[in-house]
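Okay, so here's the structure we're looking at.
No lab work stands behind these numbers, since they all come straight from the coordinates. In this text the structure is predicted, and so the values were computed from the model without any measurement. No Cβ is skipped: glycine too gets one built from the backbone with ideal geometry, and neighbour counts run over all protein chains shown.
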Amino acid sequence: MNKSWLILAIVSVISGCASMGGGQESRWSYIGDTGPAHWGTLNDKYALCSDGKSQSPVNIAGAHGMGLTAIEFSYATAQNLEIVNNGHTIQVNYPAGSYVVLTGKRFDLLQFHFHSPSENKIEGEHADLVAHLVHKAADGQLGVIAVLFVVGAEENAILSPVWAAMPLTKGSSNLAQAFDINALLPEDKGYYNFSGSLTTPPCSENVNWNVLSTRGEVSQAQINAFTQIFPNSIRPVQPLNGRMIGAF
Ligand SMILES: [Zn+2]
């Protein structure tokens, strides 16, 4: 092999790697030059963040019944959960087999993660913390269940082991004890429903959003532990642009 062939071979390997996996993501954050107001211009793939008309989060107000049915939860207890600090939030990856049924359609649970305060508002008010339970249907549509928490007197015992194990810097750890995500849900599973988007780049739309209306409790110390790692973890609310919000 002569020199020019060798160079050609190396170049094609490098360009092959660069295009693999559709990568080319851009660094983004929640403040400053790479904050939410700039997401749409950081990368062509993030255009919906500024041009989209069904973006999340939103302020939930004026909701009414729209023929919704109860969410069917089919969540299993998980062993050895992986807890990831991805630089934006704490994300807990859930093993396959847990799912919800939203008006007749199955969405499989992939992971849950947190924002403080909550991203969606209800009647103009943030909750102190939210868990976003992210699901995916067979056709690729995403479905999110949002569980809100406000500060109360007691520590949230279900979240305690996750908080104790969460990495303070980018990286991952594993939860030693079994984790039952059902215990994170309020007893009353009434919810608000609307169509929206991912709240992080690329802000993809057609996400089925379901915000449980009954809020759980966490301690101020638990909020502080999270916000010490992530002082900023929310996107501001986005215009509804005529979207209806259902309530069940
Ligand atoms: Zn989220």
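Quick check: Cα centre of region 30-74 to Cα centre of region 139-211, how many Å?
Centre-to-centre distance over Cα atoms comes out at 16 Å.
Sequence-distant or interchain residues sharing an amide H contact under 5 Å with ASN206, placed H: which?
For ASN206, the qualifying residues are GLY196.
I need the calculated FRET efficiency for the pair ASN43 and LEU110, taking r as the beta carbon distance and R₀ as 25 Å, to the nearest 0.05.
Result of the calculation: an efficiency of 0.60.
Quick one: Karplus J couplings for region 54-62, per residue in order, coefficients 6.51, -1.76, 1.60, θ = phi - 60°, nearest Hz, x for Gly and Pro?
After applying 6.51 cos²θ - 1.76 cosθ + 1.60, I find 10, 8, 10, x, 9, 8, 7, 8, x Hz.
Over the alpha carbons of the chain, what is the largest minus smallest coordinate on each principal axis, giving the biggest first in Å?
Principal extents (largest minus smallest coordinate, Cα): 72, 45, 38 Å.
Can you list the residues, at least 5 places off or on another chain, whose amide H is less than 5 Å from the amide H of ILE60, using H built in the peptide plane?
Result for ILE60 returns LYS121, ILE122, GLU123, GLY124.
Where is the GNM fluctuation largest for the chain (alpha-carbon springs, 10 angstrom cutoff): SER56, SER173, SER233?
Looking only at SER56, SER173, SER233, the largest GNM fluctuation is found for SER173.
Mind giving me the nanometre distance, one decimal, between the label points for ALA137 and GLU217, set 7 Å out from Cα along Cα→Cβ?
3.7
Under a 10 Å cutoff between Cα atoms, tell me which one of ARG106, ARG27, ARG215 has the largest fluctuation in the Gaussian network model of the chain.
In the Gaussian network model the winner is ARG27.
HN-Hα J couplings of region 176-190 from phi, Karplus 6.51/-1.76/1.60, θ = phi - 60°, integer Hz, Gly and Pro as x?
Each residue of region 176-190 in turn: 5, 9, 5, 10, 9, 5, 4, 5, 7, 7, x, 5, 7, 9, x Hz.
How large is the translational diffusion coefficient of region 184-248 in µm² per second when you combine the Kirkwood radius over alpha carbon pairs with Stokes-Einstein at 4 °C and 1.567 mPa s?
Estimated via Stokes-Einstein, D reaches 91 µm²/s.
Relative to the compact globular guide of 2.2 N^0.38 Å, what is the alpha carbon radius of gyration of region 117-197, as a ratio?
Computed over Cα atoms of region 117-197, the ratio equals 1.26.
Which residue, GLY143, GLY196, GLY124, tops the fluctuation ranking in a GNM of the chain built on C-alpha contacts under 10 Å?
Maximum among the listed residues: GLY124.
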